[in-house]
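J.: One structure is given below, represented as structure tokens, and several questions about it will come after.
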Amino acid sequence: MARYLLRRLLSLAASLVAASLVIFAVIEVVPGDPAAYMLGMNAAPDTVAALRESLGLNVSLPARYANWLGGMLVGDFGISYTYKVPVADLVADRLLISLPLAGLALVLSTAIALPIGLLAAARRGRWPDYAVMGGTQLGIAVPNFWFAMLLVLAFALHWRIFPAGGFPGWDAPLMALRALALPAVALALPQAAILARVLRSALIETLGQDYIRTARAKGLTGAQALTRHALRNAMIPVLTILGMQFSFLLAGAIIIENVFYIPGLGRLIFQAITQRDLIVVESVVMILVFAVILVTFLTDLAYAAVDPRLRTRG
């Protein structure tokens, strides 16, 4: 297990270095001068040059990359061009919103997907299976931002159960959870549809294995064989989807956060792009890439826990 863990850690480090090179190269070639954008079109050239020097934009690209990467290794992500505060503080404040939102959405999607996936597999070829497959197909097809607007119309404007947008802060936990409820549902339902379909397919494949027939021959009911034996062996593809979903919910909630005016990481990166705040964009994207790679790493460890044979393969 130690060798398996070391190989995965080396792979994680190599992926992070490669990702940092790609992120820096792509963002730095985007047209537009942040200093000129901040001062306006009529700014004097010497004023722009002075601001570029104060922001560290006048040094070579390799030096800027080395400074950026070295700072990140010690937790220093630089100073935001726009907000004039450390990027680490900006990210920490937004993570306090985006992480609970992603976690809540993942819990909701799993709580919805597991029972309906089990139901569809247990009643394969019958009306519950057809209902689940039809409902999940609709859940995948409907864009989550359109569904989010429907939720606002129904639960915020018509019934006035939840707020339409904004975030009051964690000083009032119940109010904060109410503010995150609709965004979490908007994010969770499409992911629940995907997870339910994957679980159903994995369970149906597992139910055809010999050990399931042996379990049934020993007297287990269909439900017992499904939950005690088939479910665990169908968890590898489910764990893959769960890992991908958490990464998406954390990194891909830009539209939902803007629909609900939630000041999370998604909204921060959207504002940083429009304001040409390159240091914020680079740092936030790198943090999101790190989150994705870390979740993949943890998913690999979960694979090894579910199926010990994988420890000697990878």
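J.: Take the residues in region 111-145 that are of a type in the set (V, I, T) and open to solvent by 50 Å² or more (accessible area, probe 1.4 Å), then tell me which one is nearest to A193 (Cα to Cα).
T.: Within region 111-145, the subset of a type in the set (V, I, T) is 112, 116, 132, 136, 140, 142.
Narrowing further to those that are open to solvent by 50 Å² or more (accessible area, probe 1.4 Å): 112, 116, 140.
Numbers: I112: 8, I116: 9, I140: 6 Å.
So the residue we want is I140.
J.: Sticking with this one: Which ones in region 1-24 are hydroxyl-bearing (S, T, Y) and more than 24 Å from A302 (Cβ to Cβ)? If you could, list the steps in order and put the result at the bottom.
T.: Quick first cut of region 1-24, residues hydroxyl-bearing (S, T, Y) only: 4, 11, 15, 20.
Answer for region 1-24, where residues must be hydroxyl-bearing (S, T, Y) and more than 24 Å from A302 (Cβ to Cβ): just S20.
J.: Yes or no: region 162-170 includes at least one residue that is within 25 Å of G243 (Cβ to Cβ) and among the hydrophobic types (A, V, I, L, M, F, W, C).
T.: Of the residues in region 162-170, the ones within 25 Å of G243 (Cβ to Cβ) are none.
The answer is no, given that none of the residues of region 162-170 is within 25 Å of G243 (Cβ to Cβ) and among the hydrophobic types (A, V, I, L, M, F, W, C).
J.: Return the residues of region 54-108 that are of a type in the set (K, R) and part of a helix (DSSP H, G or I); say none if nothing qualifies. Walk me through how you get there before you give the answer.
T.: Going through region 54-108, the residues of a type in the set (K, R) turn out to be 64, 84, 94.
Those that are of a type in the set (K, R) and part of a helix (DSSP H, G or I): R64, R94.
J.: Criterion first (within 24 Å of F290 (Cα to Cα), assigned to a helix (DSSP H, G or I) and acidic (D, E)) does E205 satisfy it?
T.: No; evaluated as a whole, the condition is false for this residue.
J.: Here is a further query. How about region 143-175: which of its residues are among the hydrophobic types (A, V, I, L, M, F, W, C), touching a residue at least 24 places away in the same chain (Cβ under 8 Å) and in a helix (DSSP H, G or I)? First the steps, then the outcome.
T.: At the first step, the residues of region 143-175 found to be among the hydrophobic types (A, V, I, L, M, F, W, C) are 145-157, 159, 161-162, 164, 167, 170, 172, 174-175.
The next check asks that each one be touching a residue at least 24 places away in the same chain (Cβ under 8 Å); those that pass are 145, 147-149, 151-152, 155-156, 164, 167, 170.
Matches in region 143-175: F145, F147, A148, M149, L151, V152, F155, A156.
J.: Within region 19-42, restricting attention to residues that are small (G, A, S) and modelled with pLDDT of 80 or more, which residue is surrounded by the most Cβ atoms within 10 Å (Cβ to Cβ)?
T.: Step one: list which residues in region 19-42 are small (G, A, S), which gives 19-20, 25, 32, 35-36, 40.
Checking the rest, the ones that are also modelled with pLDDT of 80 or more come to 19-20, 25.
Working: A19: 17, S20: 19, A25: 11.
Taking the candidates together, the pick is S20.
J.: Name the single residue, out of those in region 183-216 being among the small types (G, A, S) and within 30 Å of L250 (Cα to Cα), that is most open to solvent (accessible area, probe 1.4 Å). Spell out how you get there, then give the answer.
T.: Applying the first criterion (among the small types (G, A, S)) to region 183-216 yields 184, 186, 188, 192-193, 196, 201-202, 208, 215.
When the remaining residues are screened for being within 30 Å of L250 (Cα to Cα), the result is 184, 186, 188, 192-193, 196, 201-202.
Details: A184: 0, A186: 0, A188: 1, A192: 3, A193: 7, A196: 2, S201: 66, A202: 12 Å².
In this case the residue turns out to be S201.
J.: Would you mind telling me which numbered condition in (1) in contact (Cβ under 8 Å) with a residue 24 or more places away in the chain; (2) surrounded by 20 or more Cβ atoms within 10 Å (Cβ to Cβ); (3) of a type in the set (A, V, I, L, M, F, W, C) I236 fails?
T.: Status for I236: all satisfied but (2).
J.: What residue, among those in region 199-222 that are of a type in the set (A, V, I, L, M) and touching a residue at least 60 places away in the same chain (Cβ under 8 Å), is nearest to L242 (Cα to Cα)? Steps first, answer last, please.
T.: Going through region 199-222, the residues of a type in the set (A, V, I, L, M) turn out to be 199, 202-204, 207, 212, 215, 217, 220.
Now drop any that are not touching a residue at least 60 places away in the same chain (Cβ under 8 Å), which leaves 199, 203-204, 207.
Working: L199: 11, L203: 16, I204: 19, L207: 22 Å.
Filtering region 199-222 for residues that are of a type in the set (A, V, I, L, M) and touching a residue at least 60 places away in the same chain (Cβ under 8 Å), the one nearest to L242 (Cα to Cα) comes out as L199.
J.: If you check every pair at least six apart or on different chains, which have Cβ atoms under 8 Å apart with a residue in region 239-257 that is closer than 15 Å to L288 by Cβ and in contact (Cβ under 8 Å) with a residue 12 or more places away in the chain first and a residue that is of a type outside the set (A, V, I, L, M, F, W, C) and outside any helix (DSSP H, G or I) second?
T.: Taking only residues 6 or more apart or on different chains, the pairs are A253/G264; E257/P263; E257/G264.
The values are calculated or read from the model by the stated rules, or taken from the named source; none is laboratory data. Every value quoted in this text rests on a predicted model; they were computed, and no experiment measured them. Cβ atoms come from the backbone with ideal geometry, glycine included; neighbour counts cover every protein chain shown. Surface areas here come from the heavy atoms of the whole protein model, side chains and all, with no ligands, DNA or RNA. Shrake-Rupley method; radii C 1.70, N 1.55, O 1.52, S 1.80 Å.
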